[in-house]
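Report on the following structure.
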Amino acid sequence: MAIPTQVDFLVMGAGVAGLRAAVELARHGEVLVVTKESLGESNTHYAQGGIAVATEGDADIALHLEDTVNAGDGLVYRPAAEVLVNEGPRRVAELIDWGADFDKQDGELLRTREGAHSLPRILHANGDATGAEISRSLVAYARAHKRIQFAEWTMVTRLVVADGRVVAADLAAAGPEAADPQPHRVAVRSVLIAAGGAGQVYSDTTNPAVATGDGIALAFDAGAALADMEFYQFHPTALALPGVPRFLLSEALRGEGAYLRNDRGERFMERYHPLLELAPRDVVARAIAREGMGKNAADTRVVHLDMRHVKNVDLHQRFPGISAFLAKHDLDLMRDLIPVRPAAHYLMGGIRTDLDGRTNVKGLYAAGEAACTGVHGANRLASNSLLEGLVFGARAAAAMLADGLSFVPIAEVAAPLQAMTREEDAFVEILVHHLQRAMWIDAGLLRQESTLLAGLAAQAECEAGLQRFVQQGKTSRPLLEGLALSSVAQVILISALARTESRGAHFRNDYPHRDDTNFRAHSVLTRGAEISFEVW
């Protein structure tokens with residue numbers, strides 16, 4: 001499609017938050033949804049787990065609220081959680097009206113249980129393909145709207161700020177055959193960043209390749225504050241086979257009764273938490289990491305997921321996608337012990353917003369995983385993320401409409417850029433690979449001052465290598481993604497160093513206890529400023 005030179009609202013990201021917002025915005029203006037690859041290629045699409053929603057009335061909603069607050073380890077911003085659980089049922093009902101088809105049993109919605117939930121409230125679609133079904137239904141609904149345009153295989157390369165307000169965005173082709181490196185400037189009334197998280201900052205991740213933190217880095221460059229960036233959730237159970245990507249093994253497996261066993265065949269979760277395998281994700285992930293440690297730092301011991309004892313569920317029918325993937329590697333949930341290890345999964349922090357998606361930069365809004373309202377605190381409750389996208393995507397759109405910003409004159413695009421060569425892109429990928437490995441080793445599940453400082457040194461080395469190409473006036477998708485990852489990595493490391501306690505997904509070997517006196521507060525960082533801790 002021909003990209004317009006002016007559009008009322010630009011939405012960066014085509015996951016659940018971005019598409020839900022686009023539908024709302026299109027009722028009042030022209031909307032351009034920008035996505036780095038094809039529609040549906042998002043973290044939403046790959047979400048195996050379900051969507052948590054309380055549909056049984058006030059008591060159910062109250063329990064969902066308390067489960068969310070408890071999982072967040074003392075740092076959930078309660079007003080945000082109240083918005084999530086109270087508005088969630090209406091947003092899910094709306095999604096069903098728009099064509100989302102959730103699993104049913106005897107004509108009723110099938111509800112399952114996952115870790116840290118007090119009762120079954122998780123809706124699934126096609127067993128283990130909930131995100132794909134939500135994405136499918138939202139894409140179909142949005143495509144039918146005449147005022148929504150889509151720019152696929154396109155990147156936002158810069159947010160243009162004038163007098164403290166975002167007034168335009170620069171876009172560039174992001175496809176494999178993209179030949180023209182020159183950005184195209186689009187004047188906007190406002191921009192919503194709903195581009196997801198940054199799982200690719202770690203070498204071991206369940207996130208798709210597109211999750212490089214582009215939106216978070218762009219907002220940070222534009223002057224937006226980031227919050228709680230030290231809290232990266234590591235999913236406890238990703239498939240651990242040599243040479244095989246860290247394929248996510250849904251928490252719903254443990255919800256259906258899976259055990260975790262160490263290399264001696266022992267169930268070990270009783271040593272870590274009374275809820276055993278259904279403990280909060282951060283607890284389970286660290287338990288697996290510790291059980292998998294060898295006598296030497298370089299050694300690892302295998303940890304397994306065991307469902308061989310589960311007889312009351314047809315596991316192939318209940319988890320068709322997982323079963324099919326495992327079958328490719330000659331593994332079967334009903335027959336085999338499945339090797340697992342944690343992997344980076346979800347960013348609780350992000351662009352700081354209020355409850356309506358507003359950032360501290362006028363004209364710039366954020367929702368979904370890219371945003372931080374404080375709704376997840378230090379540790380996200382399982383299956384709250386898809387609900388968050390629906391609820392806060394709609395609220396951000398309503399705020400953009402209520403604020404009613406107008407167009408302002410914009411300057412032309414600056415000096416032309418030169419495309420990178422394949423050899424230069426290959427070098428960028430080497431730099432990024434080294435950063436990803438350093439982040440996994442130095443800022444993963446178990447952290448301490450010495451490792452975090454080593455991580456900062458690795459990040460500085462990567463950034464210096466990338467900036468050499470920037471100074472030469474060169475550009476490419478790998479370079480832009482590398483710069484975003486480097487920026488996000490730096491903020492994660494700075495935030496983790498500043499929080500000298502252990503809380504939720506952030507664990508410090510040198511500060512192993514929670515410190516409510518000094519750190520029952522949210523970390524906040526703006527470019528060029530010192531990190532601060534604020535009570536919300």
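The values are calculated or read from the model by the stated rules, or taken from the named source; none is laboratory data. Please read all numbers here as calculations on a predicted model, not as lab measurements. Here Cβ is always computed from backbone atoms with ideal geometry, including for glycine, and neighbour counts include all displayed protein chains. These accessible areas exclude ligands, DNA and RNA; they are computed on the full protein's heavy atoms, side chains included. Shrake-Rupley method; radii C 1.70, N 1.55, O 1.52, S 1.80 Å.
Summary of values
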item: Hits in region 498-520 (condition: of a type in the set (Phe, Trp, Tyr) and open to solvent by 60 Å² or more (accessible area, probe 1.4 Å)); result: Tyr511
item: Number of the condition not met by Leu387 [criteria: (1) closer than 29 Å to Leu480 by Cβ; (2) under 23 Å from the mean Cα position of the chain (by Cα)]; result: (1)
item: Exclusive hit being open to solvent by less than 60 Å² (accessible area, probe 1.4 Å), touching a residue at least 40 places away in the same chain (Cβ under 8 Å), touching a helix residue (DSSP H, G or I) at 6+ places or on another chain (Cβ under 7 Å) and not aromatic (Phe, Trp, Tyr), set Ser495, Ser523; result: Ser523
item: Selection count where residues are open to solvent by less than 10 Å² (accessible area, probe 1.4 Å) and either among the hydrophobic types (A, V, I, L, M, F, W, C) or more than 23 Å from Glu266 (Cβ to Cβ) (or both), scope region 295-346; result: 12
item: Tally, over region 51-102, of residues that are polar (S, T, N, Q), touching a Leu at 6+ places or on another chain (Cβ under 6 Å) and farther than 30 Å from Arg499 by Cβ; result: 0
item: Counted residues, region 256-269 - those being without any contact (Cβ under 8 Å) to a residue 24 or more places away in the chain and assigned to a strand (DSSP E or B); result: 1
item: Count - residues of region 106-131 that are under 20 Å from Asp58 (Cβ atoms) and touching a Phe, Trp or Tyr at 6+ places or on another chain (Cβ under 9 Å); result: 2
item: Leading residue by the ranking (nearest to Ala172 (Cα to Cα)) among those in region 138-152 that are at pLDDT below 95 and either touching a Pro at 6+ places or on another chain (Cβ under 6 Å) or open to solvent by 70 Å² or more (accessible area, probe 1.4 Å) (or both); result: Arg143
item: Of all residues making up region 130-160, the number that are more than 23 Å from Leu480 (Cβ to Cβ) and in a loop (DSSP other than H, G, I, E, B); result: 4
item: Candidate set from region 379-421 (those that are at pLDDT below 95 and charged (D, E, K, R)); member that is most open to solvent (accessible area, probe 1.4 Å); result: Glu412
item: Any pair with Cβ under 7 angstrom, 6 or more apart, that starts in region 18-36 at a residue that is closer than 13 Å to Leu138 by Cα and ends at one that is part of a helix (DSSP H, G or I) and open to solvent by 10 Å² or more (accessible area, probe 1.4 Å); result: Leu19/Val139; Val23/Tyr141; Glu24/Ala398
item: Only one of Ala438, Ala489, Ala464 that is surrounded by fewer than 22 Cβ atoms within 10 Å (Cβ to Cβ) and of a type in the set (A, V, I, L, M); result: Ala464
item: Hits in region 69-113 - residues which are among the aliphatic types (A, V, I, L, M) and under 23 Å from the mean Cα position of the chain (by Cα); result: Val69, Ala71, Leu75, Val76, Ala80, Ala81, Val83, Leu84, Val85, Val92, Leu95, Ala100
item: Residues within region 461-484 that are out of contact with any Leu (no Cβ under 7 Å at 6 or more places or on another chain), in contact (Cβ under 8 Å) with a residue 24 or more places away in the chain and farther than 10 Å from Leu431 by Cα, tallied; result: 7
